[in-house]
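The values are calculated or read from the model by the stated rules, or taken from the named source; none is laboratory data. All of these numbers come straight from a predicted model, not from anything done at the bench. Because the Cβ atoms are built from the backbone with ideal geometry, glycine has one as well, and the counts that use them run over all protein chains shown.
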Amino acid sequence: MPISALPAETRIPASLLLLLSRIVAGTMFAVSGWNKLFTDDGRDRMLATLAEAGIPWPAASAPAVAMVEWVLGTTLVLGVLPRLSAAALMMICAVAAFTDGIGRIPAGLGPLDWLSWFLYLPEVPLGMVLAWVCVLGAGRYALWTGRAASPMA
């Protein structure tokens, strides 16, 4: 459901929340991607994380994922093709949660404790924020959503 389907009186608050969501999630990814690309510590941590998680070709995957995070995080903040940016970043969250994230959950927990730990992984709520942008779009405060007809895309 695009945000234009909402009643007129709720469009501006919804657009502001979408803008704040895009700024927070996009900035997190842009800064994280930048650090993984352009700092020695960031590159080393990313390479080690991907290798430990069993991601194929970590030496090639690490800079590729970092570049995607940096570029698409920036486009998400700006509101340039936000649904596409959010969808790609949401996939990164899912892969991170189900590879590296699950490895950070202590062994031997009962089902509810395990679920609690899983839901507290930063990738899970971040992925949900990105899913919200995928479903509702950018709101009215975006540079280019790819939809020429509607400023509320």
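Mind checking whether some residue in region 73-80 is within 20 Å of GLY127 (Cβ to Cβ), at pLDDT below 95 and surrounded by 19 or more Cβ atoms within 10 Å (Cβ to Cβ)? Break it down into steps so the answer makes sense when it comes.
First pass over region 73-80, keeping only residues within 20 Å of GLY127 (Cβ to Cβ): 73-77, 79.
Of the ones still in play, those that are also at pLDDT below 95 are 79.
Still in the list and also surrounded by 19 or more Cβ atoms within 10 Å (Cβ to Cβ): 79.
Looking through region 73-80, at least one residue is within 20 Å of GLY127 (Cβ to Cβ), at pLDDT below 95 and surrounded by 19 or more Cβ atoms within 10 Å (Cβ to Cβ).
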Would you say LEU89 is modelled with pLDDT of 95 or more, surrounded by 18 or more Cβ atoms within 10 Å (Cβ to Cβ) and assigned to a helix (DSSP H, G or I)?
yes
When you check VAL65 against the structure, is it in a helix (DSSP H, G or I), of a type in the set (Val, Ile, Thr) and within 19 Å of TYR120 (Cα to Cα), yes or no?
no
Please work out which one of (1) part of a helix (DSSP H, G or I); (2) free of Cβ contacts under 8 Å to residues at least 12 places away in the same chain is the condition LEU19 fails and give its number.
(2)
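Here is a yes/no grid of residues against (1) over 15 Å from ALA96 (Cβ atoms); (2) under 17 Å from the mean Cα position of the chain (by Cα):
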residue: GLY33; (1), (2): no, yes
residue: PHE38; (1), (2): yes, no
residue: ASP41; (1), (2): yes, no
residue: ASP44; (1), (2): yes, no
residue: ALA51; (1), (2): no, no
residue: ILE55; (1), (2): no, no
residue: PRO58; (1), (2): no, no
residue: ALA62; (1), (2): no, yes
Mind listing just one residue for me: the one in region 119-140 that is buried (at least 24 other Cβ atoms within 10 Å of the Cβ) and assigned to a loop (DSSP other than H, G, I, E, B) and, of those, farthest from the chain's Cα centre (by Cα)?
GLY139
Could you please find all residues in region 51-62 being of a type in the set (A, V, I, L, M, F, W, C), in a helix (DSSP H, G or I) and surrounded by fewer than 20 Cβ atoms within 10 Å (Cβ to Cβ)?
ALA51, ALA53, ALA59, ALA60
Flag for LEU109 being modelled with pLDDT of 95 or more and crowded, with 21+ Cβ neighbours inside 10 Å:
no
Out of all the residues in region 24-41, which are of a type in the set (A, V, I, L, M, F, W, C) and closer than 16 Å to LEU81 by Cβ?
ALA25, PHE29, ALA30
Among the residues of region 4-24, write down those that are closer than 17 Å to MET128 by Cα and at pLDDT below 85.
ALA14
So in region 69-87, with the set limited to residues that are under 10 Å from CYS134 (Cβ atoms) and small (Gly, Ala, Ser), which one is nearest to the chain's Cα centre (by Cα)?
ALA86
